[in-house]
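Encoded as structure tokens, the structure appears first; notes follow it.
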Amino acid sequence: MTRYIVRRFLWMLLVLFVVSLITFLLMHAVPGGPFDREKAVPPEILANLNAKYHLDEPLPKQYLRYLWDVFIPHISHIPPGTSLTDDHLINVKIGEKLWLKWMNFGPSYSSRSRTVNDYFRQQFPISAQLGTLALLVAVLIGIPLGILAALKQNTIWDYLGMGIAIFGVSVPVIVLGPILIWIFGVTLKWLPPTGWGAKPPFILGFIPSKLGPEFFKYAIMPSIALGLGQSALIARLTRASLLQVLREDYIRTARAKGLPERAVIFVHALKNSMIPVVTVLGPMFAALVTGTFVTETIFGIPGMGRYFVISITNRDYPLIMGTILLYAVILVLANLMVDITYAFLDPRIRLTD
Amino acid sequence: MSEQAAALRVRPEVLARPSRGFWEDAFLRLIRNRAAVVGGIIVIALIFVAIFAPYIAPYTYYEQVLVDNNKVPAWMLWLFPSMKGYARISDRYPLGADYVGRDILSRIIYGTRISLTVAFIGPIISLVIGTIYGSISGYFGGRVDNIMMRAVDVLYAFPGLLFIILLMAFFRSTLAHPAPGTFVYAVSQLDAKVGGMLFIFIGIGLTAWETMARLTRGQVLSVKEKEFIEAARAIGAGHLRIMFRHIFPNIIGPLVVAETLAIPSYISLEAFLSFIGLGVNPPTPSWGLMISEGAGVIRTYPNQAIFPALALAITMFAFNFLGDGLRDALDPRLRGTR
């Protein structure tokens, strides 16, 4: 088992390396630079800016410098947070005026007073909150709908539930978002049409400090808009899995020994039918957190996704690299989690892979 | 002859019903599914609208009448009472005019062309790339398979949407000012001719084939050990012949079903890209672009976002229902397992 996890971990590092390399090459292949302006910048100033951010170096050297800054831990006498080029995500004090620093994603070129790590600390938690709530919406709607459809198979409830599921998949965020805003934000004026109800600093890095009605008033519409499509997938998966489990022998045994139907379903069937559902939650969370741009754009939420689109137009190289790497780490970890869960559940997988 | 024997006697006139083939059977199952039939009718209607758009639409999609900007027909005030007081009325436009005075209905009608093109070309691209890749990997197996599937694994780790956005930015700006006579210039001309959709297809092609490749590989693996493949090999059939004549016909069903089910995701990908400004080139009327323009004025002129959004939702519904029905019809065992 340990060997399996170690091997998967090494594979993960290789994947991240490839992702970073392809992103780096593609990003630099886009014509134009981060300091191009409508009014041309004087060449000597441009040269100075490029020199400051090491953009005058050959590309391989720039790439190695980036890897060095991000992946290799440094030990330094300089206290953390003293300059924009020396802002690390992880700082550990290891002695008198001695810090262990790791993961410097560099300064943002388009915002002169912020580093990429500032975006990670202030914008990413908002996307993570939105993604978490959307997952919650997906689970809270999807699982009951799926159970209902499976227990009342081929009745009106089944068709209704699966109809709602198809509705959920058919209405993308760019459709649902404006419609929700128009109904609840503009016409009924029940909810604020745009904005987000939480500001940094966050507890533990991502929990809003004031988790009250004010927060949910802003969060409810975007979470539904983002989570509804996924709730449809969960509903279908729950239904299929529960139907399969209900045909197993041990369910017949449980019924035969006279257990009440409620106990058969909620104790025996449901627990086992949740295994495939639980395993998709990891990747689903990753997909929701990394897929929030449109929701953030429509609802005016200051999350990570919005800044990513802007960072591409601005050729903000460190922000592009940082965002893609962060999201790739989330996706890879989610997949790793699934594989390890499966390996625990099914010993045969360990032997074959 | 006793009565019982007479009853047991084989009566050929009862047994000899005409036998039905696989496709006929599937078709019968499909038209028995009411939701799928409704979906199919809507899709056919959409195809009709797309082809005859110039005859149906009251205006062209690019015709601007600047003095008519944001005008709405009178009945719209009844639907959206919030517009009373400031909206200017003009009954020339059935669903109102947008911010530069273009007829919204005409743009929605022409927008059908974009969504349907993506709905038909997207699957073909990902099917062709994915099937070729997956069948090579599955057929040859061993080290080839290992390397090819590892590459797919790496691509899976890419944050898909971020990657497409980056790719689109790359295409857009690389081809912004090409020198005439070069390959890049030819590509950009082609792209301009199709209203900027070429890169949407490339984006779909580059990101959607991986799932298809995995599916094809799995199917090939399950078929290639069967006896009839061995028989074909024994009489000296080459790799290509085995692949195309013997394996392919046996695996195409599930692949087509998977692609049909993926159509809504291609449609929404195009709408999404156009929404963030990386899709079609204005004034090409993509629903995503129209929703994006309308979302900015949703408080004042909700009609500009709501109607294209409804068009997109109806199209997605239709394809989802049809796809679901097709899957159930082609493989009844799979009902409800997605």
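A short reminder: the numbers here are calculations on the coordinates, not readings from a lab. The model shown is predicted, which means the values in this text are computed figures rather than measured ones. In this analysis, Cβ positions are derived from the backbone assuming ideal geometry, glycine residues included, and neighbour counts consider all displayed protein chains.
Worth a mention:
- Order of B:Ile200, A:Ile75, A:Ile320, B:Ile314 under a 10 Å beta carbon neighbour criterion, fewest first: A:Ile75, B:Ile314, A:Ile320, B:Ile200
- Distance in nm between pseudo-label sites at A:Tyr4 and A:Ala40 (7 Å out along the Cβ direction from Cα): 6.2
- Taken over the alpha carbons of chain A as equal point scatterers, the Debye sum produces base-10 log I(q)/I(0) values at 0.09, 0.10 Å⁻¹ of -0.66, -0.79.
- For chain A, the longest principal axis of the Cα atoms and the long axis of helix A:213-246 meet at an angle of about 50 degrees.
- Counting Cβ atoms of other protein chains within 10 Å of each residue's Cβ and taking the mean over peptide A:153-166 gives 2.
- Sequence of A:Met12, A:Met284 once ranked by neighbouring C-beta atoms within 10 Å, starting from the fewest: A:Met12, A:Met284
- Per-residue Cβ neighbour rank within 10 angstrom, fewest leading, A:Lys257, A:Lys101: A:Lys257, A:Lys101
- Among the GluC sites (Glu not before Pro) in segment B:193-253, those located in a DSSP loop and surrounded by at most 12 other Cβ atoms within 10 Å of their own Cβ are B:Glu225.
- Global size of segment A:1-123: 17.3, 60 Å for Rg and Dmax (C-alpha atoms, Rg to one decimal, Dmax whole).
- From the alpha carbon centroid of segment A:220-258 to that of segment A:23-94 is 49 Å.
- Peptide-level mean, for B:307-318, of C-beta atoms on other protein chains within 10 Å: 4
- Calculated FRET value between B:Leu79 and B:Asn281, using beta carbons and R₀ = 30 Å, to 0.05: 0.40
- Across peptide B:162-170, the average count of Cβ atoms from other chains found within 10 Å of a residue's Cβ is 6.
- Ordering of A:285-298, A:49-62, A:109-122, A:32-45 by burial proxy (mean other Cβ atoms within 10 Å per residue, highest first): A:285-298, A:109-122, A:49-62, A:32-45
- Gaussian network model of chain B, springs between alpha carbon atoms under 10 Å - residue of B:Leu240, B:Leu206, B:Leu155 with greatest fluctuation: B:Leu240
- Prolate/oblate/rounded call for chain B, Cα gyration tensor, a/c under 1.5 rounded: oblate
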